[in-house]
1. In region 95-112, how many residues are small (Gly, Ala, Ser), part of a loop (DSSP other than H, G, I, E, B) and either open to solvent by 10 Å² or more (accessible area, probe 1.4 Å) or out of contact with any strand residue (DSSP E or B) (no Cβ under 9 Å at 6 or more places or on another chain) (or both)?
2. Can you report the number of residues in region 138-149 which are at pLDDT 85 or above and either open to solvent by less than 20 Å² (accessible area, probe 1.4 Å) or within 17 Å of residue 18 (Cβ to Cβ) (or both)?
3. Quick check on my filter: what residues within region 11-32 are outside any strand (DSSP E or B), open to solvent by less than 80 Å² (accessible area, probe 1.4 Å) and at pLDDT 50 or above?
4. Among all residue pairs at least 6 apart or on different chains, which show Cβ distances below 7 Å where the first residue, located in region 113-137, is open to solvent by 60 Å² or more (accessible area, probe 1.4 Å) and the second is of a type in the set (Gly, Ala, Ser) and assigned to a helix (DSSP H, G or I)?
5. Just the residues that are among the aromatic types (Phe, Trp, Tyr) and open to solvent by less than 60 Å² (accessible area, probe 1.4 Å), please, taken from region 179-188.
6. Identify the single condition in (1) within 17 Å of residue 22 (Cα to Cα); (2) open to solvent by 80 Å² or more (accessible area, probe 1.4 Å); (3) not aromatic (Phe, Trp, Tyr) that residue 152 does not satisfy, given that it satisfies every other one.
7. Of the numbered conditions (1) among the acidic types (Asp, Glu); (2) modelled with pLDDT of 90 or more; (3) farther than 21 Å from residue 173 by Cβ, residue 43 fails exactly one; give the number of that condition.
8. Considering only residues that are hydroxyl-bearing (Ser, Thr, Tyr) and touching a Gly at 6+ places or on another chain (Cβ under 8 Å), look in region 93-137 and name the one that is modelled with the lowest pLDDT.
Amino acid sequence: MKWWIYIGCLLPLFSQANQLAIEVIDAAYPKLTLRLEQVNNVEMIEASSLLLAGHQQTAVGMSLPSNKACVAEQLAPLRGRLQVVELAWSSSIQQQLEKVKAQTWSDSALYIDIISTNESCSKQSLRLMFPSLRHFSQGWGRLSLSSQGAMEAHGFVVMQQVGEGLIFTPVSPDNNRAQQYWLNYYQQ
């Protein structure tokens, strides 16, 4: 059995939708899904300026269109917990990545800036920082690229707050719970 906690659409209606959701799966780890269809900007920067752990020299940055969602509050229950992150983007975003790459983008750390226009949010600006996509394809994780350029990555991580951002650090999951996640995933 699984339960969905839908965080919301990160773009206005009638446009391509960026989506963020939390799924709770019995006997497995919770899953945070971030699906990107539209971004305002894609850029390469020095990873050291982001306080990202690891040996990546550069980071790929994406900024999402502003929205009304209070993402920081919705993600708060996942802080410090081992979870699965499913990160996916469309082929149009892949084309933008190909234009800015200074080196292979899959070896660069990744950050996503989310801005909220809702003044009642505790944080109106939030930066999600992920390891390189190469880390998603190691161990129990998965990385797949379609022939059209769409990307989907799954990885086991722990989310920690650092300053105004959230860092997703790769970790080794319990084999039984990771296996349960993949069994549920392939049943769908």
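1. Adding up the residues that qualify gives 1.
2. 1
3. Across region 11-32, the qualifying residues are 17, 18, 26, 27, 28, 29, 30.
4. Partner pairs satisfying both residue conditions: 122/72; 134/106.
5. Scanning region 179-188 gives 181, 182.
6. Checking residue 152 against (1) within 17 Å of residue 22 (Cα to Cα); (2) open to solvent by 80 Å² or more (accessible area, probe 1.4 Å); (3) not aromatic (Phe, Trp, Tyr), the one that fails is (2).
7. (2)
8. Top of the filtered list is 132.
The values are calculated or read from the model by the stated rules, or taken from the named source; none is laboratory data. This one's a predicted model, so the numbers in the text were calculated from it and none came from an experiment. No Cβ is skipped: glycine too gets one built from the backbone with ideal geometry, and neighbour counts run over all protein chains shown. Heads up: the accessible areas ignore ligands, DNA and RNA and are worked out on the full protein's heavy atoms, side chains in. Shrake-Rupley method; radii C 1.70, N 1.55, O 1.52, S 1.80 Å.
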